[in-house]
Amino acid sequence: MEFERVADAGLLMAVAEGDRSALAELYRRHAPWLTLRLHRRCADPDVVDQVVQDTFLAVWRRPDSYRGSGEVAAWLWGIAVRRLIDAFRRRGARRRLPLFVATSSPSAEELVLLGVEHGDLAGALRRLSPELRAVIQAVVLDGLDHREAGRLLGVPATTIKSRLFRARAQLREELT
């Protein structure tokens, strides 16, 4: 069966019926951005790869755990985060996982993230509408391109571009 035009929820229904090609399509759609986001939280590529595999294994075993509310991508992210936490716990006693790559000076991204958590940027981000804040999170912090962010948030890439433009303008105005 051709799944390119089937929505993610429809793919999950096919997975529940044992269709491996539906699972393969879900993997094709979501594994790249899951891997990217997980790499931002764990520097060990082996752990990230294992977490992605465990995520889709969980989908195969229990596709019916998706309740139909919200985006499938958000549900997948929730599974992946729980699997990453489990990986940290399993390996915590044996060896420490590298959470970031040490450098001699903080990267631009690290400086921005410090501002997000502790500086004026944190307040400005909180004042953004949820739609604009979600786009900033997906594109700027998680590094997704417009198409991937659109797929994740359930809106067209052109909407992502316009929301990103508005969010940046609002942030620029608040921070000057």
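What follows draws every value from the coordinates through simple rules; no lab data is involved. Keep in mind that this is a model prediction, so the values were computed, not measured. Positions of Cβ are backbone-derived with ideal geometry, glycine not excepted, and every protein chain shown enters the neighbour counts.
Which of VAL51, VAL72, VAL81 has the fewest other C-beta atoms within 10 Å, and how do the rest follow up to the most?
VAL81, VAL72, VAL51
Can you give the log10 of the normalised intensity I(q)/I(0) at q = 0.20 Å⁻¹, computed with Debye over equal Cα scatterers of region 135-176?
Normalising to I(0) and taking log10 leaves -0.54.
P(r) of region 1-100 in 5 Å steps, Cα pairs, percent per bin?
2, 13, 25, 22, 16, 11, 7, 3, 1, 0
Regarding region 44-88, what is the average projected area of its C-alpha convex hull, in nm²? Walk me through the intermediate numbers first.
Values: hull surface 12.2 nm².
So the Cα hull casts an average projection of 3.0 nm².
If one computes the Cα centroid of region 54-90 and of region 148-175, what distance in Å separates the two points?
Taking the Cα centre of region 148-175 as reference, the centre of region 54-90 is 26 Å away.
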